[in-house]
Amino acid sequence: MMNHTKRITWVLLALILLLLTGCAGETQSLPEEEHIIVLWHAFTGAESQALQTLTDRFNADNSLNIVLLTEYQQDIIAKISGTTAEHRPDLVILWPKDLQAYITAGLIGATPDLSPAMRREGADLLPMAEALYSANDTMLALPLGLATYMLYYNVDWLSDLAYMPETATWEDFRRTACAATNPLGGQVGLGLPAHASSLLSLLTSGGAEIVGADGFYNFADQSGQQTALVLNQILNGACGVVYSDLSDGIDRLSHSSMAMLVESSLRLDQIDRAVIAGRNFKLGVSELPGPDGPGRTLWYGPGMVIVAPEGERRDAALSVLGWFYSTEAQAMWSSNTDYLPVRRSLVESRLTIEGLIAVETALLEMTLRAADQGDWVAWPRFTDNMACRASLLRGLLSIGQDVTTPGAYIDTAVTACNTGVKP
């Protein structure tokens with residue numbers, strides 16, 4: 001009887017153990033907790049569509065149990081600052097001019113660990129891309145794309161005037177702009193959009209020290225004064241025009257009533273199409289000239305920053321950030337927008353594509369040349385100051401009108417831009 005009872009007891013224990021083992025197996029096979037990561041942005045048009053395309057691809061392909069949601073928002077920094085951490089987004093699209101506001105508001109950690117995001121496929125960031133979102137030698141956000149300001153020109157027209165962009169100096173630039181100008185024929189040598197960035201890019205190419213070692217603006221130095229003088233000679237001599245209608249410069253260039261145009265690389269495709277539809281001359285692009293030859297280039301572009309609190313949310317956001325840096329995501333973003341890739345390997349790879357149009361080849365080569373030679377300036381962090389932007393624009397509009405002291409407007413702009421600077 002005793003043996004029979006023992007057998008029953010062992011059978012029951014075995015069944016219980018089997019059930020427990022089975023339950024444990026089912027528990028281990030349950031999916032991991034799903035993380036929802038929210039990304040805020042202020043993109044519109046093609047950029048917004050491109051970001052949604054990348055979001056859809058991430059959600060379709062990732063095996064991390066992460067769902068990415070992208071949301072359009074206005075006044076992002078104000079909305080984030082006015083809410084608690086648990087109600088904030090995890091990721092935000094920002095611009096170099098916004099970076100200081102995020103730092104001041106304490107929304108970016110002092111030493112964010114972006115290394116896993118960059119380590120995934122090798123950290124081959126172009127130096128100007130890395131510098132855009134760095135402070136005190138620490139990268140605080142990951143750049144998404146690059147753009148610069150450059151000179152678009154009518155190759156046939158400037159060739160007749162013996163202008164060689166590969167070696168052109170400030171004096172060559174001034175001479176050619178005036179030689180191309182014919183008021184009676186409705187022709188002008190140079191076009192400048194009425195934007196603060198137009199003057200800032202010319203000050204950069206002219207060799208002015210945009211931001212000094214102390215973190216304050218310093219572009220009213222000798223090179224900055226020389227830039228103001230050259231611009232005065234061009235604009236005051238009616239060899240150039242500053243226009244407020246964004247399409248005016250492109251229209252005039254494409255119809256051969258303007259020889260040279262200062263514009264962003266983001267408008268390369270638009271300008272190329274306009275030229276083909278217009279007079280269909282050969283379009284050229286190059287760096288803006290400097291005192292002794294091609295000048296330095298000014299670079300900008302959007303970035304992505306983590307504002308999620310420490311813990312699982314931040315870890316998941318870091319995984320998303322890393323994917324946006326991947327070859328696949330960078331290639332998709334660049335092909336669906338007009339931004340250059342931030343990774344050197346992708347710029348080099350694009351140069352090998354057959355059938356690349358000449359102006360895009362020139363832009364890619366200009367990008368690598370700037371990186372190799374160090375002839376670049378990252379967009380400064382403190383331009384969100386309204387007084388700074390207004391003063392730069394006022395300086396651009398006034399330099400061509402004041403024959404006696406054009407450099408005074410550069411001095412005024414420096415003072416305005418340094419208001420509120422906190423190195």
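The values are calculated or read from the model by the stated rules, or taken from the named source; none is laboratory data. What you are looking at is a predicted structure, and each value in this text was computed from that prediction instead of being measured. Here the Cβ positions follow ideal geometry from the backbone for every residue, glycine too, while neighbour counts run over all protein chains shown. What goes into the accessible areas is simple: the full protein's heavy atoms, side chains included, and nothing from ligands, DNA or RNA. Shrake-Rupley method; radii C 1.70, N 1.55, O 1.52, S 1.80 Å.
Just one of the numbered conditions (1) free of Cβ contacts under 8 Å to residues at least 60 places away in the same chain; (2) aliphatic (A, V, I, L, M); (3) in contact with a Ser or Thr (Cβ under 7 Å, 6 or more places away or on another chain) is not true of residue 331: (3).
Would you confirm whether or not segment 213-223 contains a residue that is over 19 Å from residue 406 (Cα atoms), among the small types (Gly, Ala, Ser), open to solvent by less than 60 Å² (accessible area, probe 1.4 Å) and free of Cβ contacts under 8 Å to residues at least 40 places away in the same chain?
Scanning segment 213-223, I find no residue that is over 19 Å from residue 406 (Cα atoms), among the small types (Gly, Ala, Ser), open to solvent by less than 60 Å² (accessible area, probe 1.4 Å) and free of Cβ contacts under 8 Å to residues at least 40 places away in the same chain, so the answer is no.
Please work out if residue 375 is open to solvent by 60 Å² or more (accessible area, probe 1.4 Å) and either closer than 18 Å to residue 132 by Cβ or basic (Lys, Arg) (or both). Against the criterion (open to solvent by 60 Å² or more (accessible area, probe 1.4 Å) and either closer than 18 Å to residue 132 by Cβ or basic (Lys, Arg) (or both)), residue 375 does not qualify. Of everything in segment 306-361 that is touching a strand residue (DSSP E or B) at 6+ places or on another chain (Cβ under 7 Å) and among the polar types (S, T, N, Q), the residue that is surrounded by the fewest Cβ atoms within 10 Å (Cβ to Cβ) is 319. Return a yes/no flag: does segment 243-256 have any residue that is out of contact with any Phe, Trp or Tyr (no Cβ under 9 Å at 6 or more places or on another chain), under 25 Å from residue 378 (Cα atoms), of a type outside the set (Lys, Arg) and crowded, with 17+ Cβ neighbours inside 10 Å. No: zero hits.
Report, by residue number, each residue of segment 289-320 that is assigned to a loop (DSSP other than H, G, I, E, B) and under 23 Å from the mean Cα position of the chain (by Cα). Hits for segment 289-320 are 295, 296, 301, 302, 307, 308. Only residues that are among the hydroxyl-bearing types (Ser, Thr, Tyr), under 21 Å from residue 337 (Cα atoms), touching a residue at least 60 places away in the same chain (Cβ under 8 Å) and not in a strand (DSSP E or B): list them for segment 247-288, please. If the condition is that a residue be among the hydroxyl-bearing types (Ser, Thr, Tyr), under 21 Å from residue 337 (Cα atoms), touching a residue at least 60 places away in the same chain (Cβ under 8 Å) and not in a strand (DSSP E or B), then 265 is the only one that fits.
Here residue 196 meets each of (1) surrounded by 24 or more Cβ atoms within 10 Å (Cβ to Cβ); (2) within 24 Å of residue 305 (Cβ to Cβ); (3) in contact with a Lys or Arg (Cβ under 8 Å, 6 or more places away or on another chain) with one exception, condition (1).
Can residue 403 be described as farther than 15 Å from residue 146 by Cα, touching a helix residue (DSSP H, G or I) at 6+ places or on another chain (Cβ under 9 Å) and open to solvent by 40 Å² or more (accessible area, probe 1.4 Å)?
Values: farther than 15 Å from residue 146 by Cα: yes; touching a helix residue (DSSP H, G or I) at 6+ places or on another chain (Cβ under 9 Å): yes; open to solvent by 40 Å² or more (accessible area, probe 1.4 Å): yes.
Yes.
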